[in-house]
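The values are calculated or read from the model by the stated rules, or taken from the named source; none is laboratory data. Worth saying up front: this structure is predicted, and the values here are computed from it rather than measured. In this analysis, Cβ positions are derived from the backbone assuming ideal geometry, glycine residues included, and neighbour counts consider all displayed protein chains. What goes into the accessible areas is simple: the full protein's heavy atoms, side chains included, and nothing from ligands, DNA or RNA. Shrake-Rupley method; radii C 1.70, N 1.55, O 1.52, S 1.80 Å.
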Amino acid sequence: MCGIVGYIGDREAQDILVKGLSRLEYRGYDSAGIAIVNGHLGVRKKEGKIARLSEDLRGNGLSGKLGIGHTRWATHGPPNDLNAHPHVSTDGSFALVHNGIIENYTSLRDMLSERGYRFVSQTDTEVLVRLIEDVVAQTGLTLGKAVRQALSQVKGTYGIALVSTEDPDMLIAARKGSPLILGVGENEYFLGSDAAPIVEYTRKVVYLNDGELVIVRRRGFKVFSVDDVKLKKTIHELEWDLEQIEKGGYEHFMLKEIMEQPSALEDAMRGRLYTEEPFVQLGGLLDSLDQLRSADRIILCACGTSWHAALVGEYLVEAWARIPVEVEYASEFRYRNPILRQGDAVLVVSQSGETADTLAAVREAQRQGIPVYGICNTVGSTIARETEAGVYLHAGPEIGVASTKAFTAQVTILAQLALALAKDRSLEPTELSRIVAELKAIPSRITEVLETADAVEQIAKTFRYASNFLYLGRGVNFPVALEGALKLKEISYIHAEGYPAAEMKHGPIALIDRFMPVVFIAMKDSTYEKVVSNIEEVVARDGVVIVVTDAEEGELDHLCEHVIRIPKTHEMLSPLLTVVPLQLLSYHIAVLRGCDVDQPRNLAKSVTVE
Ligand code: AGP
């Protein structure tokens, strides 16, 4: 996700825009730029954080009282000066910034190229700029109406702002799927992706809704609906202070990112998952799918939480595509002189795309002549650039060191890949359709799971002083047991181990007593009865059980002290739901223990050392 700001009024715009962008930097920091109208269009944009843009402007700034700004979280096109926003019309008369994903940008770009338009960047946003130009050229519409017309041809999501030299008293903004707020001042207005860049100047705000377009002038603004009907909008009073707003009102980025998972997974499926043919279309792997489909073996390499996501991926690909999968710690893979053969394919999973061990695994596989693909969240990251091809999560920046939405987004991408590999091969069309429908429904199921947050917080109060935890799950939920244990360890500093539930009787059961909380994942799937037996073995030894389950009321309540009930879904997709209460449990225990949740001791968000 990116950050957008805008200003129209009687003050110099530059400092307002740059400070506003710094307030939105948590939304993305791959590149930043501003455009200011002052008779002509002044544009400055730089790869990297906002500090670099500020440096570039120092002593050589842009004057003017109307402008827009953007801080980028790259989705299409790596972070560099050319792909940075704002993007400018061919004649230099207007500039535009965009937050979102234009799903049909390829077809639009082809159409516009045939009409002679040229593109200087690799972004989907520039396609929108050329489309607006084309609408003006074809129809002679005013810019505001041309923007509306152009947006009607766009599939996907957008939050945009636009300024033009043709009207120095006009700021245009529109939204569909990406937030935009208008701050109302005295003969001046402030635009922001959220209230963080606005609250310093005014607490009066107007919230734009999806499909709405606003024309802002110094003496007032007009909001129009999708079908160009003028709307009456309410001016609200902001209640948050700045600190809260940058975290979207949450106390920590980790909680914000846990709560963002429904929208993050929608973005991970946007333009990729369809309820009818072709069902799955992973653009970045289109040319590599045959090679992956024909692989004798797929080796998944990753570290930490990404390794847990890869373990879930192993179950999904083997269950649906019947291709043998091995999952390797990247740090082990790179040092053990792995035996790779022609017919192998390596797929690495990394949120940051910069993890040194995972990057080394890429290079080791490439040294042996094996094709390597990547699943990353950070566009233009080293791993994304060095792998032959890959898929981006589109989960937006993950600031909290403990990975949450990246894990579920990685599993979502791996599920889509498993379906793409399975299509026309090893999955009955009816089963494929059922899985696709269930995957499409996952974001709303997670929203339901998030409603257990208060109950989980109450459970956390019971265990804030625990010294050890066991996490147990079977099948596709065994990796979730590992992930739940890692979450607790890394932010609350409580020792925790994850195990396959059946493994408990081969040793760990010796640990069970009243002081060893045991978290079970017991979904009503093919392993349920066996897991219930494991629960009984723990309870018989005075163990205290917390269970995450979709069982009915009363089924496990007599056995387990704490039951966290979640919705049902397809067995193989259940990790996307069962992990959420475990994320919340670790979060609340850590908060109760006074730990630094977003920046736990000894950890870093991206481990770029070996
Ligand atoms: C997860 O919560 C940790 N922050 C850590 O294990 C992380 O998953 C691991 O370092 C891998 O990072 P990557 O996905 O960016 O490669």
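For region 463-546, the convex hull drawn through the C-alpha positions has a volume of 77 cubic angstrom per residue.
In this simple spin-label approximation, residue 461 and residue 119 carry label points 7 Å from Cα along the Cα→Cβ vector, and these lie 5.5 nm apart.
Using only side-chain charges placed at the Cβ, +1 for Lys and Arg and -1 for Asp and Glu, the dipole size of the chain relative to its Cα centre rounds to 1240 debye.
In region 1-147 the Cα-Cα distances spread across 5 Å bins starting at 0 as 2, 11, 19, 22, 20, 14, 8, 3, 0 percent of all pairs.
Here the calculated FRET efficiency for residue 366 and residue 281, from their Cβ-Cβ distance with R0 = 25 Å, stands at 0.40, rounded to the nearest 0.05. Net charge in the neighbourhood of residue 500 (other residues with Cβ under 13 Å of its Cβ; Lys, Arg +1, Asp, Glu -1) is +1. Most tightly packed first, judged by the mean number of other beta-carbon atoms within 10 Å of their residues, the peptides 397-403, 424-430, 511-517 read 397-403, 511-517, 424-430. Once the Cα atoms are used to define both axes, helix 105-114 deviates from the longest principal axis of the chain by about 40 degrees.
Ignoring ligands, DNA and RNA, please state the percent of accessible area on region 473-560 from carbon and sulfur, probe 1.4 Å. About 53 percent, which is the carbon plus sulfur part of the accessible surface. Extension gain, residue 468-residue 49: 0.36 nm per intervening residue step, less the Cα-Cα distance, totals 146.8 nm.
The base-10 log of I(q)/I(0) for the chain, evaluated at q = 0.05 Å⁻¹, reads -0.23 [Debye formula, identical scatterers on Cα atoms, solvent excluded].
The peptide list 484-497, 274-287, 355-368, put in order of mean Cβ contacts within 10 Å with the highest first, becomes 484-497, 355-368, 274-287. Highest mean packing comes first when the peptides 382-390, 158-166 are listed by Cβ atoms within 10 Å, giving 158-166, 382-390.
Stretching residue 502 away from residue 604 to a fully extended chain increases their span by 33.4 nm, per 0.36 nm per residue minus the current alpha-carbon distance. All C-alpha pair distances within region 395-534, sorted into 10 Å bins from zero, spread as 10, 31, 37, 18, 5, 0 percent across the bins.
Taking the C-alpha atoms only, the angle from helix 429-450 to the longest principal axis of the chain is near 80 degrees.
On the principal axes of its alpha carbon atoms, region 468-508 extends 27, 22, 7 Å, with the longest extent given first.
Across the alpha-carbon set of region 545-610, the Rg to Rh ratio works out to 1.11, Rh being the Kirkwood radius. Quotient of the Cα radius of gyration of region 230-324 and 2.2 N^0.38 Å, N being its number of residues: 1.65.
Could you pull out the pairs from 155/405; 155/222; 19/155; 65/155 whose alpha carbons sit more than 28 Å apart here? Those over the limit are 19/155; 65/155.
Dipole size of region 255-408 about its Cα centre, with +1 on Lys/Arg Cβ and -1 on Asp/Glu Cβ: approximately 240 debye, rounded to the nearest 20.
Sequence gap at least 6, Cα distance under 8 Å: using those rules, report the relative contact order of the chain to the nearest whole percent. Computed value for the chain: 11 percent relative contact order.
Sorting the Cα pairs of region 294-375 by distance into bins of 5 Å, from 0 upward, gives 3, 17, 30, 27, 17, 6, 0 percent per bin.
Rounding to the nearest 10 and keeping the result within 0 to 90°, find how far the Cα-based axis of helix 528-539 lies from the longest principal axis of the chain. Once rounded, the angle reads 70 degrees. Among 38, 16, 177, whose Cα lies farthest out toward the positive end of the dipole of the chain, if unit charges sit on the beta carbon of Lys, Arg (+1) and Asp, Glu (-1)? Going by the Cα projections, it comes out as 38.
For the pair residue 495 and residue 513, the difference between a 0.36 nm per residue extended length and the Cα-Cα distance amounts to 4.9 nm. Which one of 80, 562, 350 is farthest out on the positive end of the charge dipole of the chain, using unit charges on Cβ (Lys, Arg +1; Asp, Glu -1) and the Cα centre as origin? The Cα lying farthest towards the positive end belongs to 80. In this label model, residue 274 and residue 231 are separated by 3.0 nm, measuring between points 7 Å along each Cα→Cβ vector.
Entry comment: accessible area of the chain is 38 Å² per residue, from protein heavy atoms only and a probe of 1.4 Å. Surface composition of region 1-52: carbon plus sulfur atoms hold 46% of the accessible area, using a 1.4 angstrom probe and ignoring ligands, DNA and RNA. Divide the volume of the convex hull around the Cα atoms of region 524-582 by the residue count and you get 76 Å³ per residue.
Across all directions, the shadow cast by the convex hull of region 202-262 built on its C-alpha atoms averages 5.8 square nanometres.
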